[in-house]
Amino acid sequence: MATYAIIGFGGAGFHALSAIRDADQTGTIHVYSEHADAPYNPMLTTYYASNRLCYEGMFPFGDLDTIRTAYRAEIFSNSRITALDADTRTLTLEDGTKRSYDKILLATGARSFTPPIPIECPEATVSMRTLDDARALKQILEERDLKQAVVIGASMAGIKVAEVLHNNGVHVVLADMAPHIFPLAAYPETAKRIERQLAADGVELRFRSGLSAVRAGSEMAAAVEFSDGTVLPADLVALCIGTRAATELAVNAGIQVNRGIVINEKMETSAPGIYAAGDCCEGCNLQSGQTMIIGLWANAAYQGHTAGANMAGSSSAFRGNILHNITHFFHMDFIGFGDNRITGETVTFENKEKGLYVQAVLQDHRLAGINILGNYRISGILKNHILAVIEHGGHTISEMQRGVLLREGLSEAFLRLLEGGTYGN
């Protein structure tokens, strides 16, 4: 009877568990998690902190007891693996216990990045990645009278924290070293539109501002120092600067690691019998052909399922993904598909009646990337269109998809342009 270990129990770990059990009804599966929670989507933590999502809504696959029963797995909560021997596929637990397995999955995820700067008042500083982070923010909002907060990081996580604070009557300063909001996803013109709306809503924006220190404050709990010498008082400082892949086990085991654990299309690492999936590993950016960390919930699910299937003897492959982001904040929808570092001809479309704005970049008359403000319903069709362009070159939007896009506010002329034509043909 085969034995499997899954280290880390987020989206990737759960989908690996499901795939293993689908392919192997009798194998022994051990799951190790550093926390006591069932798998949850980190991007939903702010919804829980703001009371827009009930606690049970955090767990799309049910509670741990439900998962244990459904997948006949032994789940070790609050269990940290301290070492991995890649040659013997042996894990060492915190208490020194050693266990060996036929196949092992590293699904250790990523952790919030805290810059190496002085932080003199940790009690006035929060991050937003884990459910524990959400619990902490929720408690602060319930117990403290916050007047001003500084959010460091104009990212998808940062804007959601800013929204939570703003909706609780807190004046928010959103700061980033980047020149504009969503620097990894938004084109500059799209970013300007978002920033104008945020400013109109009362959010104070500071870009090209590097964080130097978080000092104990005199006026408020904290004094936030920036590299240009500016100091801002704050009752709360939220660090949403980014994440770093949790690769320590792999590094110490001699497994190949770049910024994340290196894998192939089967999610195999450089060590036989050891796989990796989710935010701890790299995937293929289908546009560039380069490997990189693609920290998306859906990507982790695909990688986890692929890893689990192959661990259990099936044959599965996941070629990679494109960069994509979909988020709703301050009554705005933002969708970004494609690598926004790719340059080319920039074209825009606006339908004021529908509240729709689209900015696209065409490289050699082929769609390379797109930003959408105002309508998430067209996102799936346009993402599939970009994927088809990458896979097959020139691609025509189907009549059914065309009908949906026209109904949602795009024009026939703009659709022809996305297909590689021009406004005039």
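So which residues in the stretch 6-26 are assigned to a helix (DSSP H, G or I) and over 24 Å from the mean Cα position of the chain (by Cα)? Quick ask: steps written out before the conclusion?
First, the residues of the stretch 6-26 that are assigned to a helix (DSSP H, G or I): 11-23.
The answer is I20, R21, D22, A23.
Please determine whether any residue of the stretch 397-412 is open to solvent by 10 Å² or more (accessible area, probe 1.4 Å), of a type in the set (D, E), touching a residue at least 40 places away in the same chain (Cβ under 8 Å) and in contact with a Gly (Cβ under 9 Å, 6 or more places away or on another chain).
no
Where in the stretch 317-382 are there strands (runs of 3 or more DSSP E), lying wholly inside it, with at least 2 residues that are over 21 Å from the mean Cα position of the chain (by Cα)?
Values: elements: 324-329, 332-337, 345-351, 356-363, 366-373.
Of the strands (runs of 3 or more DSSP E) lying wholly inside the stretch 317-382, those with at least 2 residues that are over 21 Å from the mean Cα position of the chain (by Cα) span 345-351, 356-363, 366-373.
Taking the condition in contact (Cβ under 8 Å) with a residue 60 or more places away in the chain, in contact with a Cys (Cβ under 7 Å, 6 or more places away or on another chain) and within 28 Å of P116 (Cα to Cα), does A253 pass?
Criteria not met by A253.
Please find, within the stretch 332-347, the residue that is surrounded by the most Cβ atoms within 10 Å (Cβ to Cβ) out of those that are out of contact with any helix residue (DSSP H, G or I) (no Cβ under 9 Å at 6 or more places or on another chain) and charged (D, E, K, R).
By that ranking, first place goes to D339.
Would you confirm, using the coordinates I've provided, whether K160 is more than 30 Å from E268 (Cα to Cα), in contact (Cβ under 8 Å) with a residue 60 or more places away in the chain and touching a His at 6+ places or on another chain (Cβ under 7 Å)?
Details: more than 30 Å from E268 (Cα to Cα): yes; in contact (Cβ under 8 Å) with a residue 60 or more places away in the chain: yes; touching a His at 6+ places or on another chain (Cβ under 7 Å): no.
When the stated conditions are applied, K160 does not pass them.
Please tell me if R80 is open to solvent by 80 Å² or more (accessible area, probe 1.4 Å) and not assigned by TED's automatic domain parsing to the domain that holds L131. Walk me through it before giving the result.
Numbers: open to solvent by 80 Å² or more (accessible area, probe 1.4 Å): yes; not assigned by TED's automatic domain parsing to the domain that holds L131: yes.
It is true that R80 is open to solvent by 80 Å² or more (accessible area, probe 1.4 Å) and not assigned by TED's automatic domain parsing to the domain that holds L131.
Go over the candidates A221, A234, A199, A238 one by one and state the one that is over 25 Å from R80 (Cα atoms), modelled with pLDDT under 95, open to solvent by less than 70 Å² (accessible area, probe 1.4 Å) and not acidic (D, E). Walk me through it before giving the result.
Numbers: A234 fails: modelled with pLDDT under 95; A199 fails: modelled with pLDDT under 95; A238 fails: modelled with pLDDT under 95.
Every option except A221 fails the conditions.
Output the residue which, of all residues in the stretch 135-156 that are out of contact with any Pro (no Cβ under 8 Å at 6 or more places or on another chain), of a type in the set (G, A, S) and buried (at least 19 other Cβ atoms within 10 Å of the Cβ), is modelled with the lowest pLDDT.
Only one residue fits best here, namely S155.
Being surrounded by fewer than 21 Cβ atoms within 10 Å (Cβ to Cβ) and more than 21 Å from the chain's Cα centre (by Cα) is the filter here, so list the residues in the stretch 241-252 that pass it.
V251, N252 - these are the residues of the stretch 241-252 that are surrounded by fewer than 21 Cβ atoms within 10 Å (Cβ to Cβ) and more than 21 Å from the chain's Cα centre (by Cα).
Scan the stretch 174-187 and report the pairs whose first residue is closer than 22 Å to G202 by Cβ and charged (D, E, K, R) and whose second residue is open to solvent by less than 50 Å² (accessible area, probe 1.4 Å) and outside any loop (DSSP other than H, G, I, E, B), with Cβ atoms within less than 8 Å and a gap of 6+ or a chain change.
Between residues of the stretch 174-187 that are closer than 22 Å to G202 by Cβ and charged (D, E, K, R) and residues that are open to solvent by less than 50 Å² (accessible area, probe 1.4 Å) and outside any loop (DSSP other than H, G, I, E, B), the close pairs are D176/I152; D176/G158; D176/R206; D176/F207.
Give the residue that is least open to solvent (accessible area, probe 1.4 Å), with candidates limited to residues of the stretch 27-72 that are outside any helix (DSSP H, G or I) and within 16 Å of L137 (Cα to Cα). Quick ask: steps written out before the conclusion?
Let us first name the residues in the stretch 27-72 that are outside any helix (DSSP H, G or I), namely 27-41, 50-54, 59-63, 72.
Filter once more, keeping what is within 16 Å of L137 (Cα to Cα): 50-54.
On the way: S50: 31, N51: 108, R52: 123, L53: 47, C54: 80 Å².
Top of the filtered list is S50.
Looking only at residues in the stretch 270-292 that are more than 30 Å from S100 (Cα to Cα) and more than 19 Å from the chain's Cα centre (by Cα), which one is surrounded by the most Cβ atoms within 10 Å (Cβ to Cβ)?
Only one residue tops the list, namely S288.
The values are calculated or read from the model by the stated rules, or taken from the named source; none is laboratory data. Note that the structure is predicted; figures quoted are calculated from it, not measured. A quick note on method: Cβ atoms are made from the backbone with ideal geometry, for glycine too, and the neighbour counts reach across all protein chains shown. SASA here: full protein model, heavy atoms, side chains in, ligands and nucleic acids out. Shrake-Rupley method; radii C 1.70, N 1.55, O 1.52, S 1.80 Å.
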